[in-house]
Amino acid sequence: MSEVEGAGRPEAVDAAGAAPSLSGRILRSVLTFTIGGIVLLTLMFAGIFYATMMQVPNSAAVMADFFGGDLTVCVVATLIVGVALAFAVSRALTVSIVRPLDEVDPADPWKVPVYAEMRPLLARIDSQQRTLRAQNEELARAESLRRDFSANVSHEMKTPLQVISGYAELMENGLVPPEDVPRFAGLIHQESQAMRALIDDVLTLSRLDELPPDAAVVAPVEVLGVAQRAAGRLTKLADERAISVQVQGAPVTVMGNEGLMEQMLHNLIENAIRYNDEGGHVWVEVDGSSEGVTVRVADDGPGIPEAKREKIFERFYRLEKSRSKETGGTGLGLAIVKHGAQRHGGTIEVGGKEGEGATFTLFFPATAE
């Protein structure tokens, strides 16, 4: 490592190549200070004694009698005892100082009292752990959603594939009467269109998942015109079920992705037609304000139970699985609407009373052009 690379870098190991020990440093510091004090005091008293012996007659004999022998031996003994006591006291103080550090649990840093100097470090550790736990939970949820999504896609594709494969095999083997060939071909075409719609919705959701949050906002969009085009594409479906679709409101503009907005409104209007009673009505209202643009899609069908209003935006969730074949759809329409609203920074809500119809309210916030 060069001098520049090592400059200003905290020392990671001590001279022996081992990681530095906090308790060892505390012990050495306290021990050095204590022994130094004892040695200094001992030398000071020894100096006083020797000075006294030099100035006072017969003081050496008196001192020898007082200490019971050689004064030098007594001084050395005192130093040894002092050093031993210093080591014992230093060790006890080190253990006492380090004990709160040993008791800290990284998984729960606030379980025991800690030094005030450690609180900022432990706060960062705790914050990082919470972040990691949240990320792990999010990854687990994402993995669960991925598995469920893969299983649902496989199941939804398997059904039309079996129908197409079965009818095609019958026609290939000449087991279909000539007069029934058009009907079988129509069924194959119908199932292939259902599979195509499913694949298109899956790809749309995949693109929405990969886009950054603000990627949908790209240009000014006139929302009333988008709603009218979306309703116009569903005229045939509405006529088949004798559903009246009315689009009203004033031309209003908001920043967004026009193609994604049209698909969102198409999905809402299509659901209002599919799940409505025959001969019913669908109303689409576009309203603008300084805060943004609101689009309401209402119908007079059976409505949605309040307990299930959050679930209907989940992928492949069907309110009435027994009617899924009858009503059609991929089960991804409302999931696309929810993701599209989020990409525009908006919201989607559902209201209405059960038995009296449902109202979906889509809001696009105003953004600077």
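The values are calculated or read from the model by the stated rules, or taken from the named source; none is laboratory data. Remember, it's a predicted structure, so these values are computed and weren't measured experimentally. Here the Cβ positions follow ideal geometry from the backbone for every residue, glycine too, while neighbour counts run over all protein chains shown.
Taking the range 98-127 as the range and being part of a helix (DSSP H, G or I), under 30 Å from the mean Cα position of the chain (by Cα) and of a type in the set (Val, Ile, Thr) as the test, only Ile125 passes. What pairs can you find where one residue is in the range 248-269 and outside the structural domain of Gly292 (by TED's automatic domain parsing) and of a type in the set (Val, Ile, Thr), the other is surrounded by 19 or more Cβ atoms within 10 Å (Cβ to Cβ) and at pLDDT 90 or above, and their Cβ atoms are less than 7 Å apart, with a gap of 6+ or different chains? Filtered contacts from the range 248-269: no entries.
Filtering the range 100-133 to residues that are among the aliphatic types (A, V, I, L, M) and touching a helix residue (DSSP H, G or I) at 6+ places or on another chain (Cβ under 8 Å) leaves Leu101, Val104, Ala107, Val112, Val114, Met118.
Filtering the range 221-245 to residues that are within 13 Å of Val295 (Cα to Cα) and either surrounded by fewer than 20 Cβ atoms within 10 Å (Cβ to Cβ) or of a type outside the set (Gly, Ala, Ser) (or both) leaves Glu222, Val223, Leu224, Gly225, Val226, Gln228.
Residues of the range 331-359 being hydroxyl-bearing (Ser, Thr, Tyr) and buried (at least 19 other Cβ atoms within 10 Å of the Cβ), which ones? Correct list: Thr359 only.
Okay, residues lined up against (1) charged (D, E, K, R); (2) modelled with pLDDT under 80; (3) in a loop (DSSP other than H, G, I, E, B); (4) in the same structural domain as Val252 (by TED's automatic domain parsing):
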residue: Asp277; (1), (2), (3), (4): yes, no, yes, yes
residue: Val282; (1), (2), (3), (4): no, no, no, yes
residue: Thr294; (1), (2), (3), (4): no, no, no, yes
residue: Phe316; (1), (2), (3), (4): no, yes, yes, yes
residue: Leu319; (1), (2), (3), (4): no, yes, yes, yes
residue: Lys353; (1), (2), (3), (4): yes, no, yes, yes
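If I filter the range 173-200 down to residues being surrounded by 15 or more Cβ atoms within 10 Å (Cβ to Cβ) and touching a Pro at 6+ places or on another chain (Cβ under 9 Å), which single residue comes out as modelled with the highest pLDDT? Checked the range 173-200; the qualifying residue modelled with the highest pLDDT is Glu191.
Is at least one residue of the range 201-211 touching a residue at least 40 places away in the same chain (Cβ under 8 Å) and not in a helix (DSSP H, G or I)?
So in the range 201-211, the residues touching a residue at least 40 places away in the same chain (Cβ under 8 Å) come out as 201-202, 204-205, 208-209, 211.
Now restrict to residues that are not in a helix (DSSP H, G or I): 211.
There is at least one residue in the range 201-211 that is touching a residue at least 40 places away in the same chain (Cβ under 8 Å) and not in a helix (DSSP H, G or I).
Selection of the range 154-196 for residues being touching a residue at least 12 places away in the same chain (Cβ under 8 Å) and small (Gly, Ala, Ser) yields Ala168, Ala185, Ser192, Ala194.
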